[in-house]
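The values are calculated or read from the model by the stated rules, or taken from the named source; none is laboratory data. Since the structure is predicted, the reported quantities are computational estimates derived from the model, not experimental observations. Virtual Cβ from ideal backbone geometry, glycine too; neighbours counted across all protein chains shown.
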Amino acid sequence: MTETLTSAGPAPAVTDDPADTVIAVRNLTKSYGDRQVVRDVSFEVRRQEIFGILGHNGAGKTTTVEIVQGLRRADGGEIRVLGLDPARDRDELTSSIGSQLQSSALPERLRVAEALRLFARIAGDVVDWRELAAEWELDRLERTAFGSLSGGEKQRLFLALALVQKPRLVFLDELTQGLDPTARRETWRLIERIRDHGATVVLVSHYMDEVERLCDRVGVLHEGRIAAIGTPSELVTEHGGAVQTRFTAHDADLGPTLAALAGVTDVHVDGTAYQVAGTTEAPFEVARTLDDHGLRPRDFSVLRPSLEDVFMTITGETIAATSREGAGR
Amino acid sequence: MSTLTALSVTEGKLYAREWGMLVFAFAFPPLMMVILAGVFAGEGFDEVWGATGGTDYYIASYLGIPLASVALTGLPVMLASYRELGILRRFEVSGVKATTVVTAQALVGLATVALGAVLVLAVAAPVYGVPAIEDPLGVLVVLALGSGAMLTLGVALGLALRTSRAANAIGMLLFLPMFILGGGGPPAGVMTSAMSNVADLMPLTHITEGLRQAWLFGDLQATELLWLAGWWAVALALVALVARTRRSFQ
């Protein structure tokens, strides 16, 4: 079921049991000076899922995940990561967390093999860096300096570095930003491999297609608040609006028949072009009706709302609500 | 191998790939020493130079010049670029504290300074001959205190300045006057009293003066050590201030 937390009501109690809940955040707040960037944010991340945090630039995504990793202090709220308090137990958590930060790099002249060897050593040599290099197809780049790597190769290296301590939880912040489509899809494949290795992944992104493709569940952050949480499918069903069915039909007046079908909410006819809006059941009903009339339009198409539509709806609603609140004061 | 050792080894390799820094640490001091010691070879033993010749004056002084070039033109740029590019944060998420990275860079700086000083001697020996060291322990004490003061100053600059460009510009702005007035340029005896007073405020002046006194005369002055200890304290306070202002080194 889709959980919507647009109000600042009490969130579920956070437990210290790390069995299934890997991250539990309750009523998190953070300000920089007078600017409140994270407002009463609550969410949970479950074991071995890819959890997406989606939002515009400046929505509070990076701040949230940096606080969860213990890299920044929260102003308020309660956080448990693998049963630990990241602010208090950061050193203990480090060995269980792999991380790729949005704004971080390596020295330009550091070679791939040197980076892998160094970070593996820092992590206590729990993995063989040469095996890691081979697994992530970095072995042919071992002598290449970081500054000479392509965008996709850099991200592959960051992913490998995030895994040198065999983490149970991996944070990936805007991993595919600036990559070309081919490199992005290659990176997606690698992210799924991390999860397949048994780790839980928190993926921060503002790319809708990426989140929809990869994430088991998604939290939409807007203006520092969690606007909605759910699986991509749940969010689309809840917030995505009507499914559109389109086709062309000659020599038939189907409007009234289609409008009476179960799940159909609106029928628009423009000459021979039909556009039927409705629930996810509506296209099936429309197709059956057309078949009953002996019609099989070759241009029959169904347009399902995407996560992008959900995002625009959610953030648009919130903007509208904020405007109304402001006008009401 | 500890994290600090592994990091220091890697940082050393990275430093060795930075040609601009290598030139300032290893080529510039011996080159300038050879030129100035040669230009003023016939000078000395008067009220300008004191009880020494121009050649020995510059050989002894230039032992301290790599320290200034590394501390002001190398270390701050490396550190500032690490902050600017998020490399310190990258290390931090892997459990490496910023203080460990800073310490590793300072250790590499120290090794570079030692190598630079050896190069000055190695170049001076066949060209002019190296004067006898009257007080080796005194020379080491000056180098140790001077290294502490200058490298800490370099760390403070690297942490305070937000970009490597700024660190490069400010570092050069500090290095060049300090180099010219602090022992790398004309002797203090030819300076006006105003310039001489400015030079007295600079840590490099007390490093080169302390080196000459200990090396050539076996007469290490406590005043030079106090100046260097004072500068070290100031540099440490600056590092603490930057850390407190930013709450961390990120």
With a cut-off of at least 3 residues that are in contact with a strand residue (DSSP E or B) (Cβ under 8 Å, 6 or more places away or on another chain), name the helices (runs of 4 or more DSSP H) lying wholly within the range A:90-196. A:151-161, A:181-196
Long-range neighbours under 9 Å by Cβ, at least six apart or interchain, first residue among the acidic types (Asp, Glu) within the range A:238-263, second crowded, with 18+ Cβ neighbours inside 10 Å: A:238/A:228; A:238/A:230; A:238/A:310
Can you name the residue in the range B:102-116 that is surrounded by fewer than 23 Cβ atoms within 10 Å (Cβ to Cβ) and in contact (Cβ under 8 Å) with a residue 60 or more places away in the chain and is also nearest to residue B:27 (Cα to Cα) among such residues? B:115
Taking into account only those residues within the range A:84-126 that are under 19 Å from residue A:169 (Cβ atoms) and polar (S, T, N, Q), which is farthest from the other protein chains (Cβ to nearest Cβ)? A:96
Within the range B:23-39, of all residues that are surrounded by 17 or more Cβ atoms within 10 Å (Cβ to Cβ) and out of contact with any Ser or Thr (no Cβ under 7 Å at 6 or more places or on another chain), the one nearest to the other protein chains (Cβ to nearest Cβ) is B:26
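Listed residues A:183, A:277, A:282; which is surrounded by 17 or more Cβ atoms within 10 Å (Cβ to Cβ), at pLDDT below 90 and farther than 21 Å from residue A:61 by Cα?
A:183
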Of (1) outside any strand (DSSP E or B); (2) under 22 Å from residue A:176 (Cβ atoms), residue A:52 fails just (1)
Answer yes or no as to whether residue B:79 is within 14 Å of chain A (Cβ to nearest Cβ) and in a helix (DSSP H, G or I). yes
Could you go through the range B:44-61 and let me know if any residue there is at pLDDT below 95, acidic (Asp, Glu) and not in a helix (DSSP H, G or I). yes
Go through the range A:165-205 and count every residue that is of a type in the set (A, V, I, L, M, F, W, C) and within 23 Å of residue A:21 (Cα to Cα). 11
Kindly indicate whether residue A:311 is closer than 18 Å to residue A:229 by Cβ and at pLDDT 80 or above. yes
Taking the stated definitions as given, is residue B:77 aliphatic (A, V, I, L, M) and either at pLDDT 90 or above or within 23 Å of residue A:63 (Cα to Cα) (or both)? yes
